[in-house]
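The values are calculated or read from the model by the stated rules, or taken from the named source; none is laboratory data. It should be emphasised that the depicted structure is a prediction, and the values quoted were computed from it without experimental measurement. Cβ placement follows ideal geometry from the backbone for every residue including glycine, while neighbour counts extend to all protein chains displayed.
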Amino acid sequence: MKSSEDLIKLFGMSNQLLTNDLDKIEHDFDISLEHRTDSTTDKDTEYFPQFEEDVRKSAREMSAHYEVFYCLEISIRKLISEVLYEKAGANWWENEDVILPIIKNGASNRMQRERELGITPRSDEPIDYSNFGELSGIIKKNWDVFGSIFNNEKAVERVLASLNTLRGPIAHCNTLAEDEVLRLKLSMKDWFRLME
């Protein structure tokens, strides 16, 4: 007789196999069975079903790219913050030897716009209001420390420029073309390769 632990494992594996089969059916027949009950996707049950099926399908497809891009962007900002904290201390953002005034002013202006709109601020950290071009500028300005992390300054600039271009369709709710999905994957691969 199987133990209750074995039965629970068996149940879990059976459930996973069933979920994988349903995912394959959705993919093969281009349909949505809406079988996932992931609590992290708390969709509005009143309004979400009113959107056209092709729009919902496109949203599902784009959500994977958004999720990856979100993680990548957060990790890049975190890396920059940690490195510059080590270099210049807690007030690194205020240090003009570390952050160019034009970058500080751009972030400050975006923070001010949010305050004026009366919305919840996205962050207390100014770096979270910096775009990829500005992040690239921060790395370039501080290459003395980032040079020990990345293997090529020009390549960092190129990869961040590519990511900045790819960010547009993702952030503005447009579908990524198949080529751009590939470009996103390659840009991510390039980013991590820069740290090898």
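For the stretch 185-196, a residue qualifies if it is without any contact (Cβ under 8 Å) to a residue 24 or more places away in the chain and closer than 22 Å to residue 130 by Cα, and exactly one does: 192.
Which condition from (1) charged (D, E, K, R); (2) closer than 22 Å to residue 195 by Cα; (3) within 24 Å of the chain's Cα centre (by Cα) is the one that residue 61 breaks? Among (1) charged (D, E, K, R); (2) closer than 22 Å to residue 195 by Cα; (3) within 24 Å of the chain's Cα centre (by Cα), residue 61 violates only (2). Can you pull out the helices (runs of 4 or more DSSP H) entirely within the stretch 92-156 that have at least 2 residues that are under 15 Å from residue 79 (Cα atoms)? Where helices (runs of 4 or more DSSP H) fall fully within the stretch 92-156 and carry at least 2 residues being under 15 Å from residue 79 (Cα atoms), they are 132-141, 143-146.
When each of 51, 146, 132 is tested for being modelled with pLDDT under 95, closer than 21 Å to residue 195 by Cβ and not small (Gly, Ala, Ser), the lone residue that passes is 132. The numbered conditions (1) more than 16 Å from residue 183 (Cβ to Cβ); (2) of a type outside the set (S, T, N, Q); (3) surrounded by fewer than 16 Cβ atoms within 10 Å (Cβ to Cβ) are all true for residue 171 except (1). In this structure, is residue 97 more than 22 Å from residue 167 (Cβ to Cβ) and modelled with pLDDT of 95 or more? When the stated conditions are applied, residue 97 passes them.
Among all positions in the stretch 67-88, there is no residue which is at pLDDT below 95 and farther than 29 Å from residue 187 by Cβ. Of 82, 86, all but one fail to be assigned to a helix (DSSP H, G or I), touching a residue at least 40 places away in the same chain (Cβ under 8 Å) and among the acidic types (Asp, Glu); the exception is 86.
Within the stretch 66-74, does at least one residue satisfy the condition of being in a helix (DSSP H, G or I) and more than 15 Å from the chain's Cα centre (by Cα)? The answer is no; no qualifying residue exists. Is it the case that residue 63 is more than 30 Å from residue 144 (Cα to Cα), polar (S, T, N, Q) and either at pLDDT below 95 or not assigned by TED's automatic domain parsing to the domain that holds residue 175 (or both)? So residue 63 fits the description; yes. Residue pairs whose Cβ atoms lie under 8 Å apart, sitting 6 or more positions apart in sequence or on different chains, and linking a residue in the stretch 164-184 that is more than 15 Å from residue 61 (Cα to Cα) and assigned to a helix (DSSP H, G or I) to a partner that is of a type in the set (A, V, I, L, M, F, W, C) and at pLDDT 85 or above, are 164/132; 166/69; 166/176; 166/184; 167/69; 167/132; 183/166.
Pairs linking a residue in the stretch 115-131 that is closer than 18 Å to residue 83 by Cα to a residue that is of a type in the set (Ser, Thr, Tyr) and modelled with pLDDT of 90 or more, with Cβ atoms under 6 Å and 6 or more positions apart or on different chains, are 127/81.
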